[in-house]
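Note sheet for the following structure.
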Amino acid sequence: MDSYIITIGIFIAINSIVVSGLNIIVGFAGQISLGHAAFFGIGAYTAAILATKAGMSFWLSLPIVIIITGTIGLLMGLPSLRVKEDFLAITTIGINFIVEAFFMYVPFFGGALGIGGIPRVELLGKPLHGFSFLVLCLSFLLVVLLVSWWFTKAWCGLACFTLRDDEVAASTIGVSPIKFKLLAFVIGTAMAGVGGALYAHYMRFISASDFGFPVSVMMLSMLVVGGMGTVWGPILGAAILGLLPEIFRPLIDYRMLLYAALLLLVIRLQPGGILGDNGFVKTRLRIFSRGGKK
Amino acid sequence: MDLFIEQLMNGLAIGAIYALITSGLSLIYGILRILHVAHAGVYTIGAYVGLTVYSLSGSLVIAILASMAVCSIVGILIERVVYSPLLKFPPYVPLIASIALLLGVEEVMRLIAGPQIHGFPVSIPLPTITMGNVSLSPTLLMVYIVSIVIFFILWFITSKTDLGLAMRAVSQDMSIASAMGINSTQIVRLTFAIGSSIAAIAGILVGIYFNQVYPTMGAVPAYKTLALIVVGGLGSVPGAILASLLLGIAETLLIGYANIPFPRDAIAFVAMILVLMVRPQGLLGNVRKKI
Amino acid sequence: MSGSELLRLENVSKQFGGLHAVEDVSFSLNRNEILGLIGPNGAGKTTCFNMISGALKPTAGKIFFKGTRIDGLPIYKIASMGIGRTFQIVRPFYSLSVLQNIEAALGMKKYQSKFQYWQKWDTHHTRQKALEILEKVGLADMADYRAGLLPLGNLRRLEIARALALNPEVLLLDESFSGLRQEEINKLSDLILKIKESGVGILLIEHNMRVAMGLSDRMVVLDHGRMIASGSPDSIKNDPKVIEAYLGKGEKKHAAS
Amino acid sequence: ADTIKIGVLAPLTGFAAADGESVLNSVNIAVDKINASGGVLGKKVELVVYDDRADAKEAVSLAHKLIGQDRVVAVVGGSYSMPTRAVATFFQEAQIPFVAAYAVHPDITKAGDFCFRNGFLAEVEGKAAAKVATDMLGAKRIAVLYSDIDFGRTLSKGFKEYIENKTTGVEIVYSKAYPFKEKDYKPYLSEIKELNPDLIMVNGYYFQTGPILKQAREMGIKSIILGEEGADSPKLVELAGPSAAEGFIIVTNLNRDDERPVVQNFIKEYEGRYGIAPDMVGASAYDALTIIVDAIQRAGSTDGKAIRDAIASTKDFDGLTGVIKGFNEIGEVVKPVQVQIIKFGKYHYFGVVDDPDIINP
Amino acid sequence: MPLLEVENLHIAYKEIEAVKGVSFHISEGELVSIVGANGAGKTSILNAIMGLVSPKEGKIKYKGNDITGTAAHERAKMGIRIVPEKARLFPQLTVWENLMTGIYGIKKQVPLQERLDWIYELFPILKEREKQAAVTLSGGEQQQVAIARALISDPDLLLVDEISMGLMPILVDRVFEVLQELNRKHGKTVLLVEQNALASLEISTRAYVLETGEITFSGTAEEVASDPRIHEAYLGG
Ligand SMILES: Nc1ncnc2c1ncn2[C@@H]1O[C@H](COP(=O)(O)OP(=O)(O)OP(=O)(O)O)[C@@H](O)[C@H]1O
Ligand SMILES: Nc1ncnc2c1ncn2[C@@H]1O[C@H](COP(=O)(O)OP(=O)(O)OP(=O)(O)O)[C@@H](O)[C@H]1O
Ligand SMILES: [Mg+2]
Ligand SMILES: [Mg+2]
């Protein structure tokens, strides 16, 4: 396989991981977030700093990345307890801008120059690149998928579904909105953190603009196209929106226009997502059905 | 003191510009509760059509009228073709469609008019007003005057006419509104037409004010205006205008007096999050919730 | 008597702006008792429910559940202590199936725990239990429908079933019989009586006097937020103040049982 | 292969699309000229141009496409700092010579010995600007307003360092950064106006500096305004308005009044083909490509290492952006800094800075 | 000539067939009841007549015109009004504004003050709550606004879906009296869907029984009320 295909594969895998995290927050718990790239960025920056400033290996820093992103995710989830729906969407956009500004303006994070010289991930003393890095990403994706899948099967998932539908009614059956919303935020953002760490170690140079609002929008698009609230939707969405622009590559000038048109078309024809309720892939496999719906 | 007044005027001007772009969006958001990012695309189209017609006809009035007409049609088409089938889905679905639309508009404009920035040099038949060290340029005066007129018209429509009542009714329950004899489709269409024509005016005025028309000119307004309408209060046009003016002033004074090395947008969003944490319903939002 | 007392309201008031929705209301509810809460529209009945269940915080007064003060606690805490409620304006989990609506409520204990909420919910055991409850309210054959699509009458029963799934000690029913026809009302009445027998205290808001009078052991009447009468259904039925404000002259027709 | 493939990465769409277009136009002129005169090593040069949207992630996939699928022999980095910085590492690893045309990120050349830069380091340009401000224009009280990106930060740092270390009696009375997407500069200009400096050093792209000029003059600011290569575009005059643009001075690398045929022919060709005047971005990309082709010619081979060595040993190359003295050991270009002034709406020669301690980073 | 004719009406929601070929008619000046179990399709039929759902098959004629494809707002202009199930007020509008939507576009044609006086006499609480947002009203208050909003335009055909829901007994009586009065005194036509069959059959002239989407019985109100099965199920034996 040539390195170009592998690179695309790696980006799709990383996006799948990050979008799966978004899915837990938006798809399962119904807390709309338009600032997910912030957590992707926090993961990437944490990994990059631990690697370049503390000389830590990827494996050593990974738990720290997860804890830090999850903790910040918890803090950033707090507004969701106060503001809802569109208000929450705007708040999360704001969080994205503020986090991006931090990366951009605090010299510790490399400021406007970004952070370079991030080492490769090593396994058993051998650096992973190309195909082996893809395999690494896919392994993480597998873990993330398992967590997502179990989430739909566990009581906490069901609790989140009830919150998504009606918070007050959910409370009257004993579901604490604080606890379960924040749980979703922590898990979702931690997944973004893992994706960020992989991204940083693959790109080996990161800068604030890699994690801006347009990236959040892209991730939400992937989720919506693939199928919000489904376990596999994030992967399908990441694959479609990752491949389309590459397929259109030869069209140079018309590429983005075509991309926009197709995105619009998919949303228009499959508003519930391709794997969603009335989506094109209507399957009997329970694993494909939106959490808790028939 | 002079400096302060001058900064205040600077802030008001930029606030008025935000308000121009935001007020039309607020109207549209009010009726369908859609985060209509593509409004910034309509605004871009408005600026381009205005510039083209102006350079062909040499008349700003004709340019504005033509642009309003084109943008109304674009707005109505967007509503009919894209949004109306998506209304029954959660709000992020039309949002994504809207983002795709905005990207599409940017690309179409780039393909038609090229990626470069075009100037929009117009001499406005207004004087420069100078008070001490503070001077208000003709373009600035024009922005003030046009905004005030538009705001007045919008305020009148939304709070003094039957159309305003119908808009609010439709925004809350389209089908029951129809059962009351309100032609919901027509009201929605009309709202899009009005909102989009204001976008056209905004596009032209902002184009003239900054002397810049370019394909991605909607990128920043796209999300900033969203924040403004939400902070202003759900679908409240006066709220959106108030939020715009306050933000313009706050940004300007912060840049002028506090040496915060943060970009405008981040400042704006910090302010907005603070407002929302204190008033989750927005500045002038009076949304009453059932428990 | 106090040993069987479940719920007590002491001088509870609620104000919305200048409006006194509930003013200085006190009453208590015992085990094995159905207490009818009636009164004109806007009298403050639902507001009382909202305060008991934690959706609203009283502006004054105290609420006790088995001796513990509960006013001001969050809704989910109160629910998990053993107070189940229904909503006058139905609030199902519309994207979940009817069965899942009940299953979700069965998880009440797990939600309170530290880690048990990571356990699997979709088990045979839970499903069986949920079906049993649906059977009781007569919704078993709708188990797999999306709750959002049910007609109104069925949603009322779903609300009751969801509250029952919490296995509550106090059950708050807010006009749960409206929108049902007589045959169904009779069936549900039997169910409610059975639940009462099992040691539950039930607070019942109901405008259908045939049902309210028939079921209640005691009644409390609110008007403009104030308690204007309380006592046995028979005494209420003949209380001139209640007839004047609430029952009207046609009282005979409604209260015929 | 019967052609020699050279990759080009440029932002053809997105916010920087105008720069991408300028790059594309210029490299097309270059490649046509090269092929018309017989190509190189007896083969035609074929460009593989990709659009990276000025986005690092896109650029990385494209770098792999150039490396893995197109198997280019060298690459022109015709894009902004971040994507260029991100891809430099990968070209270094693949041992493919890479010449950044105008990206300013200091780490680009540090990625390794296969990475070169034909544009000035921001710091160099900052120092040159400081020299112009103090020596040529004799300013004593200076305000600095810069774009808050890596370019602006490092440029203004070089500017201030020079003033601090190399001059006496010169004072920086104001220094603030404005965010990249700023449109309204009045809050800054109001402050500057109050201070009434001799000169304002303005950093930013033409779509930033143009409006700054316009707004400053509208507000009645009379100070000299000095800019840098980001403002080097014919569009600047349009955006500032002819009267506000008049007398504006920049430090850059393209001298329109340069008599050398390479410059005059290019300007004529460009204006003829595209109907607009060329800018420094395009000129830099043109040079990056011709430097590569010249190196291939001299190396007599398309082997990566050979080309790298040939680029490194470039000497007195007759470039569009001046006579290129060569590349230093880290791969930074050494060439004089041009000073241009706008007269009657066009850039013209104003001076040149070629002190070795300034231009040799 | 019947005021309203419904022929072979089929209504389906995706796979669920809610109404399966229902035909009935109402003459001018009649007060007709439809009774039926939960989910029988009563609400669906009323909504179809109002134009809020479109039938899969069948015809609806009003005053002799086929209105099957006519938009709801056109039907409203022809004089049809509905008191919908669950009130469905405009939640963020005040009581007053909700009432005003009831006469949207015909404000000039109605003697507004007279109507308001009448409505406030019927539902005195609404005057007190005039400025309050509908969403904060109590359930019964919302129902009162919904009734008032339909009555304020003085419709020719009134569709009423579970009008007694949430109303206090004293008002249930009053509301049924008013319906009867509108019908008998002012010749208004009313189609009534009601679980409180006792009250509704008492004032109705005719009634239909609907079971799982089909009409299984019809006749005068007395005939229906005295049918043993109906009596068992709806009147509580
Ligand atoms: N929007 C909808 N989507 C899917 N199914 C629906 C929808 N609305 C109604 N139904 C179904 O259509 C059938 C008839 O419903 P309808 O509301 O007309 O009954 P109803 O007779 O009014 O019942 P009730 O007395 O409980 O109000 C029910 O099975 C219901 O589940
Ligand atoms: N958020 C609020 N703001 C203002 N007034 C409110 C609010 N909530 C309730 N009210 C008012 O408080 C009063 C009591 O309402 P509540 O819902 O308790 O009445 P209720 O006794 O349940 O009546 P019903 O029998 O009609 O359901 C009503 O008049 C209502 O308008
Ligand atoms: Mg109530
Ligand atoms: Mg119904």
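The values are calculated or read from the model by the stated rules, or taken from the named source; none is laboratory data. Everything quoted here is computed from the prediction, not taken from an experiment. As a convention, Cβ positions derive from the backbone with ideal geometry for all residues, glycine included, and neighbour counts pool all protein chains shown. Please note that ligands, DNA and RNA were not included when accessible areas were found on the heavy atoms of the full protein model with its side chains. Shrake-Rupley method; radii C 1.70, N 1.55, O 1.52, S 1.80 Å.
Ignore the peptide's own chain and count Cβ atoms of other chains within 10 Å of each Cβ in A:259-271; give me the average, rounded.
Per residue, the number of nearby Cβ atoms from other chains is 6 on average.
Show D:Tyr205, B:Tyr257, D:Tyr274 ordered by accessible area, largest first, where the area counts protein heavy atoms only and the probe is 1.4 Å. Intermediate values should be presented prior to the final figure.
Numbers: D:Tyr205 35, B:Tyr257 120, D:Tyr274 70 Å².
Heavy-atom accessible area, descending, gives B:Tyr257, D:Tyr274, D:Tyr205.
Quick one: putting +1 on the C-beta of Lys and Arg, -1 on the C-beta of Asp and Glu, what dipole do you get for the protein assembly as shown around its Cα centre, in Debye to the nearest 20? Spell out each step's value before the answer.
Details: 131 positive and 129 negative charges, 417 e Å.
Its charge dipole is roughly 2000 debye.
Can you give the accessible area of A:Phe108 in Å² (nearest 10), computed on protein heavy atoms with a 1.4 Å probe?
110
Anyone know which of A:Ile187, A:Ile12, A:Ile67 comes out most mobile in the 10 Å Cα GNM of chain A?
Between A:Ile187, A:Ile12, A:Ile67, it is A:Ile67 that shows the largest mean-square fluctuation.
Within the range C:5-253, what percent of beta bridges assigned by DSSP are antiparallel, to the nearest 5? Let's see the in-between values first.
Values: 21 of 38 bridges.
Of those bridges, close to 55 percent are antiparallel.
Show which lysines lie in cross-link reach of D:Lys44 when reach means a straight Cα distance below 25 angstrom and same-chain residues fewer than eight apart are skipped.
D:Lys5, D:Lys33, D:Lys65, D:Lys268, D:Lys305, D:Lys315
Taking a 1.4 Å probe, which of C:Arg181, C:Arg146 shows the most accessible area, and what order do the others take after it?
C:Arg146, C:Arg181
Could you rank C:Glu175, D:Glu46 by how accessible they are, 1.4 Å probe, largest area first? Working shown, then result.
On the way: C:Glu175 5, D:Glu46 70 Å².
The ordering from most to least exposed comes out as D:Glu46, C:Glu175.
List the relative contact order of the range E:4-234 as a percent without decimals, with contacts defined as Cα pairs under 8 Å and 6+ residues apart.
Numbers: 413 pairs, mean separation 66.2, N = 231.
That works out to 29 percent.
Report in % the part of the accessible area of the protein assembly as shown that belongs to carbon and sulfur, leaving out ligands and nucleic acids; probe 1.4 Å.
Details: 29080 of 49140 Å².
About 59 percent, which is the carbon plus sulfur part of the accessible surface.
Can you return the lysines within cross-link range of C:Lys110? Criterion is Cα-Cα under 25 Å, with same-chain partners fewer than 8 residues away left out.
Output for C:Lys110: A:Lys153, A:Lys179, A:Lys181, A:Lys293, A:Lys294, C:Lys66, C:Lys77, C:Lys120, C:Lys129, C:Lys136.
Within a 10 angstrom radius of each residue's Cβ in C:66-79, how many Cβ atoms of other chains show up on average? Whole number is fine.
Working: counts 0, 0, 0, 0, 0, 0, 0, 0, 4, 12, 12, 3, 3, 7.
That works out to 3 on average.
State, as an integer percentage, the relative contact order of chain C based on alpha-carbon contacts under 8 Å between residues 6 or more apart. Could you put the intermediate results ahead of the total?
Numbers: 489 pairs, mean separation 68.0, N = 257.
In percent, rounded to a whole number, it is 26.
Once the whole set of protein chains is in place, how much accessible area is left on A:Trp149, using a 1.4 Å probe, in Å² to the nearest 10?
Per-residue accessible area (A:Trp149): approximately 90 Å².
What share of the DSSP beta bridges in the protein assembly as shown is antiparallel, in percent to the nearest 5?
Values: 70 of 140 bridges.
In the protein assembly as shown, approximately 50 percent of DSSP beta bridges are antiparallel ones.
Report the E-B buried area as the accessible area lost on both sides summed, probe 1.4 Å, in Å² to the nearest 100. Before the final figure, lay out the partial values.
Details: alone 11250 and 14080 Å², together 23160 Å².
Answer for the E-B pair: about 2200 Å² buried.
Take the Cβ-Cβ distance between C:Glu183 and E:Glu181 as r, set R0 to 30 Å, and report the resulting FRET efficiency rounded to the nearest 0.05. Mind dumping the intermediate values first?
On the way: r = 30 Å, r/R0 = 1.02.
In this case the efficiency is close to 0.50.
To the nearest Å, what is the center-to-center distance of the range A:154-193 and the range C:144-200, using C-alpha atoms only?
Distance between centres, Cα-based: 26 Å.
In a GNM of chain A with a 10 Å cut-off on Cα contacts, which of A:Lys126, A:Lys84, A:Lys153 has the highest mean-square fluctuation?
A:Lys126
Per the Kirkwood definition applied to all pairs of different Cα atoms, how many angstroms is the hydrodynamic radius of the protein assembly as shown?
On the way: mean 1/r = 0.0285 Å⁻¹.
Result for the protein assembly as shown, one decimal place: 35.1 Å.
Under a Cβ-only charge scheme (Lys and Arg +1, Asp and Glu -1), can you give me the dipole magnitude of chain B about the Cα centre, in debye to the nearest 20? Show your work: numbers first, answer last.
Values: 13 positive and 9 negative charges, 167 e Å.
That gives chain B a dipole magnitude of about 800 debye.
Averaging over all projection directions, find the projected area of the Cα convex hull of chain E and quote it in nm² with one decimal place.
Values: hull surface 50.4 nm².
In nm², the orientation-averaged hull projection of chain E is 12.6.
For the range B:45-166, what is the relative contact order in percent, using Cα pairs closer than 8 Å and at least 6 residues apart in sequence?
Working: 57 pairs, mean separation 14.9, N = 122.
Worked out over the range B:45-166, it gives 12 percent.
Could you tell me the accessible area of C:Asp122 in Å² (1.4 Å probe, neighbours in place), rounded to the nearest ten?
Approximately 20 Å² for this residue.
Averaged per residue, what accessible surface does chain C expose to a 1.4 Å probe, in Å²? Write out the running numbers ahead of the final one.
Working: 9880 Å² over 257 residues.
Ligands and nucleic acids excluded, the result is 38 Å² per residue.
Charges on Cβ only, +1 for Lys and Arg, -1 for Asp and Glu, centred on the Cα centroid of chain A; of A:Ser176, A:Ala197, A:Asn23, which one is farthest towards the dipole's positive end?
Going by the Cα projections, it comes out as A:Ser176.
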